[in-house]
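This structure is in structure tokens; I'll ask about it shortly.
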Amino acid sequence: SLYSRMKDGREAKEDWVEFACPSNEVFLQRKGLLLERLVETLDIDVISFDFIRYFVFWEVIHPNTSPEDLPETCYCERCRRRFNSAFPNSQLDTPDWVQFKCDTITSGVQYLTKIAKRVKPSIRVSLHTLPWKQSDFNGGIKRIAGQDFTALGKYADFLSPMIYHHMIYKKPEWIPSLLNDIKSVYHGAILPSLQVNHSYRNEELSPNEFEQAIDECLRVPIAGIIFWNNDALLTNKEKQEIVRRKIHEI
């Protein structure tokens, strides 16, 4: 099975979110071949990687969620064997296990980045990351997701945190603190992604709050802003005008 596995052996899936095991080399090689064809065919300037992490449906996790309630993966036989080989004198669920998870994700990013840059050396790689500070959920960015920003920064040209503040019940004022937290461990370019409309919540994301989120992003040195998603922006004239105005102000 391609599925990543929970501690109890269940497949790592929730609603539409389904994750393959990050240590599955056959799966990674398939993605590498697809990436190679895409770069060759489309001659793109930037490639954006998403979902290169361990399983977690972060979009629906409330900030007050207990760290112990977050899903932990992957406990398949392959991951256990690889961990025992890398850390023969260690145990699961230790700092070595967290390091193993981070190493697995980083090596996957390294593998895919090398393929893209081999086909087109000038291509730039952007990597989507979770909007979690280093201390959130008891170090969940590494412990749960396996995303080590310092290590990943050696291969990605941009880190693109998915700062969907409204989705995760944060105020726009929180945005600079997240960006500065990332900058404390990563010294490369940051390309934050902001949400345009509400998602996973019934409450609307107002134009004023959308504009405030942009302003808060711009308080920190960044490489630009991605808007998620394009369709939402193209169908909202008021928010389009906000973006145009901000571009002119810059």
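The values are calculated or read from the model by the stated rules, or taken from the named source; none is laboratory data. Since the structure is predicted, the reported quantities are computational estimates derived from the model, not experimental observations. Neighbour counts are summed over all protein chains in view; Cβ atoms, including those assigned to glycine, are modelled from backbone coordinates with ideal geometry.
Could you tell me which of the residues Phe158, Phe149 is without any contact (Cβ under 8 Å) to a residue 40 or more places away in the chain, in contact with a strand residue (DSSP E or B) (Cβ under 9 Å, 6 or more places away or on another chain), buried (at least 21 other Cβ atoms within 10 Å of the Cβ) and not acidic (Asp, Glu)?
From the options Phe158, Phe149, the qualifying one is Phe149.
Residue-by-condition table, conditions (1) of a type in the set (Lys, Arg); (2) over 16 Å from Leu70 (Cα atoms):
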residue	(1), (2)
Ala12	no, no
Ala20	no, yes
Arg30	yes, yes
Asp43	no, yes
Val46	no, yes
Asp50	no, yes
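Sort out which residues of the stretch 11-54 are touching a strand residue (DSSP E or B) at 6+ places or on another chain (Cβ under 9 Å) and either at pLDDT below 95 or assigned to a loop (DSSP other than H, G, I, E, B) (or both), and write them in order of number.
Answer for the stretch 11-54, where residues must be touching a strand residue (DSSP E or B) at 6+ places or on another chain (Cβ under 9 Å) and either at pLDDT below 95 or assigned to a loop (DSSP other than H, G, I, E, B) (or both): Ala12, Phe19, Cys21, Asp45, Asp50, Phe51, Ile52, Arg53.
Is there any pair with a first residue in the stretch 95-122 that is among the hydroxyl-bearing types (Ser, Thr, Tyr) and a second that is in a helix (DSSP H, G or I) and surrounded by 16 or more Cβ atoms within 10 Å (Cβ to Cβ) whose Cβ atoms are under 6 Å apart and which are 6 or more apart or on different chains, and what are they?
Final answer for the pair search is Thr106/Ala151; Thr106/Leu152.
Okay, next question. Could you please find all residues in the stretch 149-167 being part of a helix (DSSP H, G or I) and under 30 Å from Glu209 (Cα atoms)? Break it down into steps so the answer makes sense when it comes.
Taking the stretch 149-167 first, the residues part of a helix (DSSP H, G or I) are 149-152.
Phe149 - this is the single residue of the stretch 149-167 that is part of a helix (DSSP H, G or I) and under 30 Å from Glu209 (Cα atoms).
Can you find a residue that is touching a helix residue (DSSP H, G or I) at 6+ places or on another chain (Cβ under 7 Å), closer than 19 Å to Phe137 by Cβ and among the aromatic types (Phe, Trp, Tyr) anywhere in the stretch 51-64?
Yes: one or more hits.
Can I ask one more? Could you look through the stretch 8-38, keep only residues that are touching a residue at least 12 places away in the same chain (Cβ under 8 Å) and aliphatic (A, V, I, L, M), and pick out the one that is farthest from Cys76 (Cα to Cα)?
Leu35
Let me ask something else about it. In the set Ser184, Ser206, Ser199, Ser177, which member is among the hydroxyl-bearing types (Ser, Thr, Tyr) and either over 19 Å from the mean Cα position of the chain (by Cα) or in the same structural domain as Thr65 (by TED's automatic domain parsing) (or both)?
Just one listed residue meets the conditions, Ser206.
In this structure, does Ile168 turn out to be under 25 Å from Cys74 (Cα atoms), in contact with a Leu (Cβ under 6 Å, 6 or more places away or on another chain) and outside the structural domain of Arg37 (by TED's automatic domain parsing)?
Taking the combined requirement at face value, the residue does not satisfy it.
Separate question: Can you name the residue in the stretch 199-221 that is among the aliphatic types (A, V, I, L, M) and in contact with a Pro (Cβ under 6 Å, 6 or more places away or on another chain) and is also surrounded by the most Cβ atoms within 10 Å (Cβ to Cβ) among such residues?
Among those that are among the aliphatic types (A, V, I, L, M) and in contact with a Pro (Cβ under 6 Å, 6 or more places away or on another chain), it is Ala213.
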